[in-house]
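Colleague: My questions will all concern the structure given below.
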Amino acid sequence: MDARRVVIVGGGVLGTMHALEACRRGCEVVHLEADAGPRRASVRNFGLVWVSGRASGPELDLAVRARELWEQIAGHSPAVGFRPDGSLTIARHEPELALMSEAASQPDGAARGFELLDPADVRQANPAVRGELLGGLRCTRDAIVEPGLVLGALRVTLEATGRYTWHPRRQVVDVETTPNGTAVAIDQLGDRHEGSVVVLCIGDRLSGLGGRIGATLAAAPLHRCRLQMMQTAPTTERLTTALADADSMRHYPAFDLPGRTALPEPAATTSEWGMQLLLVQRAAGGLTMGDTHTYDEPFDFAVEEHLYDDLRARAEAVLGWSLPPVVRRWAGVYTGVTDERICYRTTVDTGVVIVTGPAGRGMTLSPAIAEETWEELTR
C-alpha cells in the first residue's frame, strides 16, 4: 500500500507511535484525538518498559525490539525521560526465590537480562531497598519513561518534520472508504479527514463508532480492565531500579512455570483485587505505585481506600522506610485481548485498520506494534 497521507485516530501512546512510525517512513500524518489532550491509560500508568514479564516467544521478541526502539526514540526525543534502570522483583519467602531461580535458568533468561541476586546484591543494586528479604530477581532490560511527558515530547518531534498535523477535540464517529479507495475518518463536526490509510488506535473506546467499525468492535475479543494507582510527594531517597513484589509473578506469563504452584497462598485482598506491587520513581522524585485489576463492568466511579493502604504497606515493607505523603490517587482503564494475540489488529475495509488491546503491555510494546502495523500495510 502506498501510504503517503495517513490519518491516525487516537492520541494515546499507541496512536502516537503509529504517527511517529508513519512520519519516519516519509508520510504526511493527520492525528485526531477526542479530548483536549490524552488523559486515559497512556498517562495513567507506571511508565515502565517491562521486558521481564513478557511471555516467551513472539511477545518477548516484540518486547526486546520495543526496548531497542525506545532507546532510539530517546535519542531524538530526550524529553520522554527514558532511563535504562532495570527492575528488581523482591523475594521474601523461599518459594518466591525458587521461582525466580527457575525463571532465570530458562533459555530466554539472558534475553530478559535476568540475574538472581542474594540480599547483599539486591541492596547494592538498589540501596533504597532496606526491608527484610531473601533475595531478588534483577532484569537489566527493563526501563522507565515519564508517562506524563512522553506524548508531548513525541508531538514536538513529529511537528518538527513539517508533515504532521495535530487535531485535538476531534472525536471520530465513523470511517468509510470511497469508491476510489480513499479512507475517510469523519469527526463529530462532520469534517472529513482523508488519507490512503486510517489507523484507529481507540484504546478503551469500544463503543460509539458507527458502521462496520462499531460492528467489528462489538464482536472483537476485547475486554477492559480497571486499575488503581497513586503517587507520593518527592522523596530524597534515590531508587536506582523499578521495584516489584513477588505477587507480580502471579500475573506475568514469564513466571508461568512449575514453581509458581508452590508460591505461598495469596492474601485475600490479592486474590479478590488481582493486586501486585509495582513501584517506580518519577524523575521529579515522587513514587508511582499500584496496582489492582478489576474486569467486571460497569466499573465503580469511586476508588477503594483500603487498597491504597495495602499498597502503601507493601511498599514500606519492601523499602524498609516510611513513604512520603500520597499526593495523587487515580483509577485507569485499559483494553486487552481475551485470546492468545498480543494485541488486536484487524483490517476492516480497504485502508482502514483497528489497532488496540495490548492491555498493560501498551507502554512497553507500542513502538514495536506500530512498526509491525506499517510493515504489514506497506508490503
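Colleague: Restricting segment 334-379 to residues that are of a type in the set (D, E, K, R) and touching a strand residue (DSSP E or B) at 6+ places or on another chain (Cβ under 7 Å), which is surrounded by the most Cβ atoms within 10 Å (Cβ to Cβ)?
Modeller: R345
Colleague: Restricting the first residue to segment 60-82 and requiring it to be at positive phi, which pairs with a second residue that is part of a helix (DSSP H, G or I) meet a Cβ separation below 9 Å and a spacing of at least six or different chains?
Modeller: Note: pairs meeting the criteria are G81/A74; G81/P147; G81/G148; G81/L149; G81/V150; G81/A153.
Colleague: Within segment 138-185, track down each residue that is within 24 Å of Q231 (Cβ to Cβ) and part of a strand (DSSP E or B).
Modeller: Once the filter is applied, which keeps residues that are within 24 Å of Q231 (Cβ to Cβ) and part of a strand (DSSP E or B), segment 138-185 yields C139, A143, I144.
Colleague: Cβ-Cβ under 9 Å, sequence separation 6+ or interchain: first residue in segment 116-140 and under 10 Å from V318 (Cβ atoms), partner among the aromatic types (F, W, Y) and at pLDDT 95 or above. Which pairs?
Modeller: A128/W321; R130/W321; G131/W321
Colleague: Is it fair to say A315 is modelled with pLDDT of 95 or more and assigned to a helix (DSSP H, G or I)?
Modeller: The answer is yes for A315.
This table checks each residue for (1) at pLDDT 95 or above; (2) in the same structural domain as T241 (by TED's automatic domain parsing); (3) within 28 Å of S77 (Cβ to Cβ); (4) assigned to a strand (DSSP E or B).
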residue: A111; (1), (2), (3), (4): no, yes, yes, no
residue: R123; (1), (2), (3), (4): yes, yes, no, no
residue: V129; (1), (2), (3), (4): yes, yes, no, no
residue: E132; (1), (2), (3), (4): yes, yes, no, no
residue: G136; (1), (2), (3), (4): yes, yes, no, yes
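Colleague: Related question: For segment 347-377, name all the residues that are within 20 Å of the chain's Cα centre (by Cα) and not in a helix (DSSP H, G or I).
Modeller: I354, V355, T356, G357, P358
Colleague: Just one of E297, E265 is among the acidic types (D, E), part of a loop (DSSP other than H, G, I, E, B) and either surrounded by 18 or more Cβ atoms within 10 Å (Cβ to Cβ) or touching a residue at least 24 places away in the same chain (Cβ under 8 Å) (or both); which is it?
Modeller: Unique residue meeting the criteria: E297.
Colleague: Now a separate question. Those residues that are at pLDDT below 95 and among the small types (G, A, S), I need them from segment 1-11; list them, please.
Modeller: Passing the criteria: only A3.
Colleague: Do you know which of the residues in segment 169-215 that are surrounded by fewer than 16 Cβ atoms within 10 Å (Cβ to Cβ) and among the hydrophobic types (A, V, I, L, M, F, W, C) is farthest from G362 (Cα to Cα)?
Modeller: Only one residue fits best here, namely L189.
Colleague: Which one of these does L323 not meet: (1) in a loop (DSSP other than H, G, I, E, B); (2) closer than 21 Å to I144 by Cα; (3) modelled with pLDDT under 95?
Modeller: (3)
The values are calculated or read from the model by the stated rules, or taken from the named source; none is laboratory data. Everything numeric in this text was worked out from a predicted model, so none of it was measured. All Cβ positions, even for glycine, are placed from backbone atoms using ideal geometry, and neighbour counts span all protein chains on display.
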